[in-house]
Amino acid sequence: MCIYLRKGQAEVVGGIIAISVLLFSIATLYFLMTSTQSSLSTEFARRASFESEKNAEKIAVSYDLNTDSCIVSNAGAISITIVRAWQGNEYFNFNEPLPLPPGQALPPWPFSETPDIIVTARGNIFTVKAECEKIKNAVTNMQQIIIGSGIASTLVTSETLLNNMRISKGMQQGYLYARVLQKDYAVLYYNGSKYLCSSPSDKKVYSSAKLPQDFTWDLDANNINEIIISTYSTCLDSAKVSTLEINEYGGYGSKFTGSVMFMFKNLVLIPQGGADTITVYFKVVLNIEGGGMPQDVVVSPTIVLSCGSQSLSSPATVTTSGSGSGTIVITGFAIFPVKAFSLPLQPDSIYNLTLDLKFVVGPSIDLKKVRLEYLAIVGAYINDPWK
Amino acid sequence: MLWRGQADLITVMILVGAVLVVGIALSALAISHVSSIASRGQIQQLLVSEQANLVLYKEFENSTTLCIGTLKITPSTTRYALALFSTDMKRDLLVQNQGAVIIPVATALPIVKRVSASSVYYVYRGEYYPLPVRGFVNVVEIPMDVIQSYVMQQKPFLVCINKSIISSAEVSSAKLMYLVYVDSELYEVGEWYVYLS
C-alpha cells in the first residue's frame with residue numbers, strides 16, 4: 001500500500017520541526033534568564049541581609065574605676081561573636097568564639113592586657129584599648145572634681161548641679177536660668193527639705209514650709225527631682241509656687257511651639273591637652289496633655305558652648321519614650337569633635353553651656369511642662385565653683 | 001540513458017537530502033549555540049554567587065604587612081586560589097616571591113601551583129578576560145584546614161601580604177585576586193589592592 005503525501009504536507013512537517021527547534025532554543029534561553037534573575041535576586045538579598053546585620057553590630061567600651069579594667073559589652077540589637085583579638089602585631093584566635101548577646105558584657109579577657117582591637121564573625125573590627133584609655137582619662141579627670149565614685153560620677157544630676165554645687169554654695173558666677181521664647185526665667189529645685197531658686201541675676205534658698213503639698217517635683221517618679229522653670233516672682237515667695245505650665249511662659253494660644261533653653265553660666269572647664277571629643281548627655285522630662293503619643297512631640301535639641309564672643313554648637317541625637325500617661329522622657333547626647341574638626345576651644349577657659357530645645361508639637365497636644373533631670377559631660381571638667 | 005522520470009527523482013532526492021543536511025546542521029548549530037549560552041549562564045550564576053558570598057576587609061596593617069580578613073557568608077567547601085599581580089596586570093608577583101602571600105591561620109603550608117595563564121580570568125568592569133600574560137602564572141591555594149576551620153565555621157580567616165617583598169619587586173601597588181575553580185579554569189571572584197606607602 002502506498003502512502004502519498006498530500007501537497008504541502010512536507011512543508012508543514014518541516015515547519016513543525018523548525019518551530020520546535022526554535023521554541024526549544026527560546027524556552028532554554030527564557031528559563032536560563034529566569035533562573036539567572038532569581039539567582040541574582042537571592043544572592044543580592046543574602047548579601048544585603050548580611051551587610052545589614054554587620055552594620056547593626058555595636059560594641060560599647062567602658063571603664064570600671066573600681067577594678068581598673070575595660071569592659072566590652074554588646075550595645076547593639078543582635079548577638080555578636082568575637083573570633084579574634086589583636087595586641088600590637090600579634091593576633092589571638094579564639095578556638096571557641098566568644099558569644100556576646102545584646103546588652104551583655106564580655107567576661108575578663110583570657111590574656112593579661114586589654115586587646116587593641118577585636119574582630120567579629122561578621123568581619124567588623126572594633127577598637128578597644130584606645131577607646132578605653134580615652135574613657136579612663138576622662139573618668140579619672142572628672143573624678144577629681146565631682147562628688148561620688150565610679151563611672152556614674154560623670155553624671156551631674158539636677159541635684160548635684162543645684163543643691164551641691166550651685167545654689168547652696170551661693171556662688172554668684174555659677175548661676176543657671178531658663179529662657180522660654182527668648183524671655184528669661186528662674187529655675188527651681190527641691191532637695192527634700194528646701195527649695196532652691198536660681199535666676200539670671202540671683203540665687204536663693206527658701207524654706208519649703210509653705211510649698212503646696214500636691215506639687216510634683218519628680219515627673220517620671222525615678223526619685224531624682226528635676227529642675228523646674230518658674231517666674232522670678234514665684235521663686236521669691238514659696239506661697240506662690242505652683243504647678244506652672246509652659247503656656248504660662250508665653251506659648252502661642254494653647255499650643256506651644258518654640259524654644260526652651262536651660263543656660264548654665266561658667267559650667268564647663270576645657271582641660272589642657274584634653275580629650276579628642278567632648279560629649280554632653282542630658283535627660284529632659286516633659287508633660288503633655290491631649291492624649292498624644294511621644295512621636296507627636298518633635299524636639300530638636302542643640303548643645304551650645306560659649307565663652308565671650310565665641311560660640312560652638314552641636315545638634316544632639318535623642319531617644320524619646322513615653323508611658324502613655326502624659327509623661328515623655330527624652331534622653332540624648334551631643335558630640336563636639338574637638339580634635340577631628342580642630343574646634344577652637346581654649347584650654348583652661350570656662351564656657352557657658354546651653355541646652356536649647358526646639359519643640360514642634362502635634363495639633364492635639366498641649367505641652368505642659370519641660371524639666372531637666374541630668375547632664376553628664378565627658379571629655380571636659382565641670383568648673384569647680386568652690387575655686 | 002535514464003528512464004523517464006529518473007532525472008526528476010534524482011533531483012528531488014538531492015534536493016531533499018540537501019534540505020535535510022542544511023536543516024539538521026542549522027538545528028545543531030542553534031542547539032549548540034543555546035547550549036553554549038546556557039553553559040556560560042550557569043558559570044556566570046556560579047561566579048555571581050561566589051562574588052556575593054565573599055566578604056573582604058582590612059583587618060591589620062603596619063609598614064611591612066597587610067592582613068585581609070576573608071569571610072564567606074554561606075559556608076561551602078569551595079577552594080580559593082590567590083594570585084598577586086601588579087595593578088597593570090602585566091607582572092605576576094608570585095613568580096619570584098612565593099612568600100609574598102601568607103595565610104597565617106593555616107596549620108598546613110599553602111600550596112603554590114603553576115597554572116596556564118590562558119586558563120585564568122580576571123574581572124574588568126564586570127566582564128571576564130584572560131590574564132594578559134603568556135605562559136604560566138603562580139597561584140597560592142588556600143589549604144583545606146582553613147576551609148574546614150574557618151569557612152565552614154563561618155569565621156573570617158586571614159590572608160597577609162608581605163609588603164616588603166612587593167616593594168623589592170619595584171612596583172608601587174599590587175592586586176590580590178581571589179580565584180575559584182570552574183572545571184580546570186580559574187575565575188576571579190574578589191580582589192584587594194595593596195598600596196605601598
### Query
With respect to A:Ser321, is the statement that it is of a type in the set (Ser, Thr, Tyr), within 20 Å of A:Ala376 (Cα to Cα) and in contact (Cβ under 8 Å) with a residue 40 or more places away in the chain true?
no
### Task
Would you be able to tell me the number of residues in the stretch B:23-73 that are more than 7 Å from chain A (Cβ to nearest Cβ), loosely packed, with under 15 Cβ neighbours inside 10 Å and not in a helix (DSSP H, G or I)?
3
### Of all residues in the stretch B:151-196 being of a type in the set (Ser, Thr, Tyr) and in contact (Cβ under 8 Å) with a residue 60 or more places away in the chain, the one that is nearest to A:Val83 (Cα to Cα)
B:Tyr178
### Query
Does B:Ser184 satisfy the criteria of being polar (S, T, N, Q) and within 17 Å of B:Thr87 (Cβ to Cβ)?
no
### Query
Restricting the search to the stretch A:185-234, which residues are of a type outside the set (A, V, I, L, M, F, W, C), within 23 Å of A:Lys368 (Cβ to Cβ), modelled with pLDDT of 70 or more and not in a strand (DSSP E or B)?
A:Ser199, A:Thr216, A:Asp218, A:Asp220, A:Asn222, A:Asn223, A:Asn225, A:Glu226, A:Thr231, A:Tyr232, A:Ser233
## Note on the structure
Within the stretch A:52-83, restricting to residues that are within 14 Å of chain B (Cβ to nearest Cβ) and within 11 Å of A:Asn124 (Cβ to Cβ), the one that is surrounded by the most Cβ atoms within 10 Å (Cβ to Cβ) is A:Ile80
#### Entry: Filter pass, A:Ile365 being modelled with pLDDT of 85 or more, in contact with a helix residue (DSSP H, G or I) (Cβ under 8 Å, 6 or more places away or on another chain) and crowded, with 18+ Cβ neighbours inside 10 Å
no
### Query
What residue, among those in the stretch B:151-186 that are in a strand (DSSP E or B), more than 14 Å from every other protein chain (Cβ to nearest Cβ) and of a type in the set (A, V, I, L, M, F, W, C), is nearest to the chain's Cα centre (by Cα)?
B:Leu186
## Note on the structure
Across the stretch A:259-306, the tally of residues that are outside any strand (DSSP E or B) and touching a strand residue (DSSP E or B) at 6+ places or on another chain (Cβ under 8 Å) stands at 10
### Task
Can you run down the residue pairs with Cβ atoms below 8 Å, 6 or more apart or on separate chains, where the first is in the stretch A:19-46 and at the interface with chain B (Cβ under 7 Å from one of its Cβ atoms) and on the phi < 0 side of the Ramachandran plot and the partner is surrounded by 15 or more Cβ atoms within 10 Å (Cβ to Cβ) and not in a helix (DSSP H, G or I)?
A:Arg46/B:Ile73
### Query
Is the stretch A:95-114 home to any residue that is within 30 Å of B:Gln44 (Cβ to Cβ), within 14 Å of another protein chain (Cβ to nearest Cβ), loosely packed, with under 14 Cβ neighbours inside 10 Å and not hydrophobic (A, V, I, L, M, F, W, C)?
no
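The values are calculated or read from the model by the stated rules, or taken from the named source; none is laboratory data. Everything numeric here is computed off the predicted structure, so don't read it as measured data. Reconstructed Cβ throughout: ideal geometry from the backbone, glycine too, with neighbour counts over all protein chains shown.
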